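The values are calculated or read from the model by the stated rules, or taken from the named source; none is laboratory data. Note that the structure is a prediction, hence the values are computed from the model and not measured. Methodologically, a virtual Cβ is constructed for each residue, glycine included, from the backbone with ideal geometry; neighbour enumeration extends over all protein chains shown. Ligands, DNA and RNA are stripped out before the accessible areas are found, and what is left, the full protein with its side chains, is counted by its heavy atoms. Shrake-Rupley method; radii C 1.70, N 1.55, O 1.52, S 1.80 Å.
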Amino acid sequence: MPARADTLEQALIAAYTNNPTLNAARADQRAVDENVAIQRSFGRPSVNASVTITEFLKQAQTNFVNPDRAVNGGLDLAVPLFQGGAVRNGIRAAQERVAAGRADLRSTESVVFSQVVTAYMDVIGNEAIVALSANQVEVLEINLQATSDRFEIGDLTRTDVAQSESRLAVAQGDLENARANLVSARERYIQLVGLAPTDLQPPPPLADLPALVDDAVDVAVQNNPDVIAAIERAEAAGFDIRVVSADRLPRVDAFTQGGYQNFLGTLGSIPGEQEAQQSNTSLQAGLRLTVPLYQGGLAAARRRQSQAQAASALENAVAIERDVVQQARSAFSNWRAALAVIESSQVAVEAAELSLEGVQAENTVGNRTILDILDAQRELLIAQVDLVSARRNAYVAAFTLLAAMGRAEARDLGLADDVPFYDPADNYERVAGKWWDWDTDPDPVVQSPRTVDIPAQSADVPTEDQPGSGAQEILEDTNKGEQPAVVPQP
């Protein structure tokens with residue numbers, strides 16, 4: 001991993017490797033994989049050995065052959081032959097839940113990436129807002145000095161000076177709030193990525209964005225991992241009904257039992273008889289048929305319970321599909337609205353710049369007051385901040401739309417070529433067919449680095465000698481009146 005993540009791709013790669021939420025979700029999926037091996041074990045032979053050492057402390061007075069002690073050993077082998085389909089359906093239910101877990105892992109990956117993109121754009125946007133706010137304070141300080149000088153020569157009144165002082169104080173407060181927001185955004189970035197943001201570059205344009213909202217919904221319903229997981233869980237719930245239904249069916253087992261007993265030379269003999277045999281062995285084999293006749297209503301209750309849970313899973317699948325449809329439509333609307341806001345904000349910035357120039361010119365001939373200049377400066381700042389926020393919102397909304405469509409994962413973003421790809425199927429293939437009881441994995445260790453050693457973030461922003469930074473590019477585009485390259489196009 002690089003020591004820093006200055007591009008969005010590097011930030012996503014760092015989160016893909018280091019994010020604890022994502023690493024925990026992978027571990028959870030590995031635990032789900034084991035359910036298939038657990039279900040398969042119920043249909044496999046079982047072997048049990050037992051050894052018992054007994055000391056007879058008090059013997060019956062009428063028994064002449066009572067031993068003092070005995071050692072008993074046994075070996076039992078059981079082979080299930082028929083269990084009413086419980087094992088087969090249990091395996092199928094576990095496999096469906098493995099598929100659902102993989103979809104959940106995709107969803108977690110998509111959520112983490114969406115959070116990283118949001119944090120990345122928040123840092124860039126807040127850096128730009130801090131720079132704009134700092135520039136506003138600098139302008140107002142110069143304006144206050146000029147107003148004070150003109151007051152000294154009697155050209156302006158005390159009211160003009162007070163108005164300038166008021167606007168400067170408000171701008172200074174806005175700057176402190178902007179700095180606090182920037183620090184918060186940088187700390188959020190560290191929480192998600194595990195690295196400190198230093199000189200974040202403009203993010204690349206997003207591809208595969210739909211032209212119509214119906215296209216987005218169609219893809220989301222088919223490809224969203226939450227929908228897929230809900231459908232898989234509904235399928236698994238259907239198999240659960242068959243599993244509990246087997247409680248009312250006969251079961252057949254083959255068994256073999258071997259035994260060994262030794263009295264360790266303490267078994268007495270009847271007078272006049274030959275010495276008693278101190279040890280003996282036994283061996284039995286057979287078939288066992290178990291037919292449940294009455295279980296107090298347990299089997300029926302468990303079946304009704306599974307049916308109700310299956311009904312809940314079906315309804316939950318519909319609810320999640322509705323939620324995904326809403327997400328896709330809302331994200332599409334927010335994205336297109338943000339693009340429209342960018343256009344209107346750009347017009348507002350250009351108009352505010354012209355307005356400020358005009359007000360300043362008219363003030364020189366006495367047609368405008370200092371308050372008019374202050375208002376024009378304030379309107380320009382508001383328009384610039386709105387433009388920066390709209391650009392941030394457009395990119396975040398576009399990525400959120402891709403996430404709702406199931407297209408915001410490592411392979412979709414081309415990260416799999418730059419970082420070892422985590423495939424949950426690898427672990428499933430490794431563990432699903434294992435038989436050996438003593439096969440285990442190494443003790444778990446933490447994979448995600450801690451962030452406590454990363455220094456606390458400041459509110460310093462990139463300067464003009466860093467023209468490649470995302471914040472500087474936004475500011476340059478804002479001042480030039482150009483459409484920024486970071487905004488995704490429809």
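Here are some notes:
- Mean Cβ neighbour count within 10 Å, used as a protection proxy, ranking 286-292, 329-335 highest first: 329-335, 286-292
- Overall, the accessible surface of segment 3-107 at a probe of 1.4 angstrom is composed of carbon and sulfur to the extent of 57 percent.
- Note, ³J(HN,Hα) from phi for segment 434-450, Karplus 6.51, -1.76, 1.60, rounded to Hz, x at Gly and Pro: 6, 10, 6, 5, 9, 7, 9, 9, x, 4, x, 10, 6, 9, 8, x, 7
- For the listed peptides 233-245, 25-37, a ranking on the average number of other beta carbons within 10 Å per residue, highest first, reads 233-245, 25-37.
- Normalising the average separation of contacting C-alpha pairs (under 8 angstrom, six or more residues apart) by the number of residues puts the relative contact order of segment 192-339 at 35 percent.
- Highest mean packing comes first when the peptides 98-109, 126-137 are listed by Cβ atoms within 10 Å, giving 126-137, 98-109.
- Across segment 162-176, coupling constants 3J(HN,Hα) worked out from phi with the 6.51/-1.76/1.60 Karplus curve, θ = phi - 60°, read 5, 5, 5, 5, 5, 5, 5, 5, 5, 5, 5, x, 4, 5, 5 Hz, and Gly and Pro carry x.
- Length-normalised contact order of segment 111-222 in % [C-alpha pairs under 8 Å, at least 6 apart]: 35 percent
- In whole angstrom, segment 32-123 maps to an equivalent ellipsoid with semi-axes of 59, 21, 8, each derived as √(5λ) from the alpha carbon gyration tensor and ordered largest first.
- Rolling a 1.4 Å probe across all protein chains gives Leu81 an accessible area of roughly 100 Å².
- Principal axis extents of the C-alpha atoms in the chain (largest first, rounded to whole Å): 143, 49, 43.
- Probe 1.4 Å, protein heavy atoms only - accessible area per residue of the chain in square angstrom: 54 Å²
- Per-residue ³J(HN,Hα) for segment 249-262, Karplus 6.51 cos²θ - 1.76 cosθ + 1.60, θ = phi - 60°, Hz, x for Gly and Pro: 9, x, 10, 10, 10, 9, 9, 9, 10, x, x, 9, 9, 9
- Value of relative contact order over the chain, rounded to a whole percent, pairs C-alpha under 8 Å and six or more apart: 27 percent
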